[in-house]
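K.L.:
Below: one structure in structure tokens.
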Amino acid sequence: MEAVGIVVLNGVMATFVDAQQMSLDGLDPDVMVTATWGLGIGTGLLLALAGVLLLVVAVRDRAPGRFTRILLITLAVVHGVLGALTVGLVGWSAFGFMMVVLGLLVASLIVYGEERPPAAGPDDRADQAGPDVPDVGGAATPA
């Protein structure tokens, strides 16, 4: 939902820039419109990719890989900075939304902790018995 919202928000901003022929320090308004659309679509795709990767992590029930962790950390930092900016510009409700999303991103990073090894198959159970299994007399065998 956030990815769609970002694209729509940037689309509205691009429409206003185009309708009013706004310029920043002499930049061509058409370049600003294109850049606004590009930033909105790029950010939306990045957020959608993060959502898909989190869905894959949830379905596989394993910790996220290196690329997914880097993406989630980057998005968490961006949400923290944008959350700080939204307090003054938009208000506390927008700040609360940004902090909820930040909390969910951080939770997705720490819920799994370290990556778990794959579950042992039926042939591996005998190998797990190892030297810590007590013998008939009840004493553990030395390693």
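Values quoted throughout were computed directly from the atomic coordinates according to the rules given, and no laboratory measurement underlies them. Owing to the predicted nature of the structure, the values given are computational and were not obtained by experimental measurement. All Cβ positions, glycine included, derive from the backbone under ideal geometry; neighbour counts span all protein chains shown.
K.L.:
Above 18 Å lies some portion of the pair distances; for the stretch 1-60, what is it as a whole percent of all C-alpha pairs?
P.N.:
45 percent
K.L.:
If you don't mind, there's one more thing I want to ask. Which trypsin sites (Lys or Arg not before Pro) in the stretch 30-100 sit in a loop by DSSP (not H, G, I, E or B) and have at most 16 other Cβ atoms within 10 Å of their own Cβ?
P.N.:
62
K.L.:
Quick check on the exposure proxy: order 28, 18 from fewest to most C-beta atoms within 10 angstrom.
P.N.:
By the 10 Å Cβ count, ascending, the order reads 28, 18.
K.L.:
What share of Cα pairs, in percent, lie more than 24 angstrom apart in the stretch 3-123?
P.N.:
44 percent
K.L.:
Over the stretch 1-94, what is the mean sequence separation of C-alpha contacts under 8 Å (at least six apart), divided by residue count, expressed as relative contact order in percent?
P.N.:
Over the stretch 1-94, the number comes to 25 percent.
K.L.:
What does the stretch 42-109 give for Rg and for Dmax, in Å, if only its C-alpha atoms count?
P.N.:
Using the Cα atoms of the stretch 42-109, the pair Rg, Dmax is 12.8, 40 Å.
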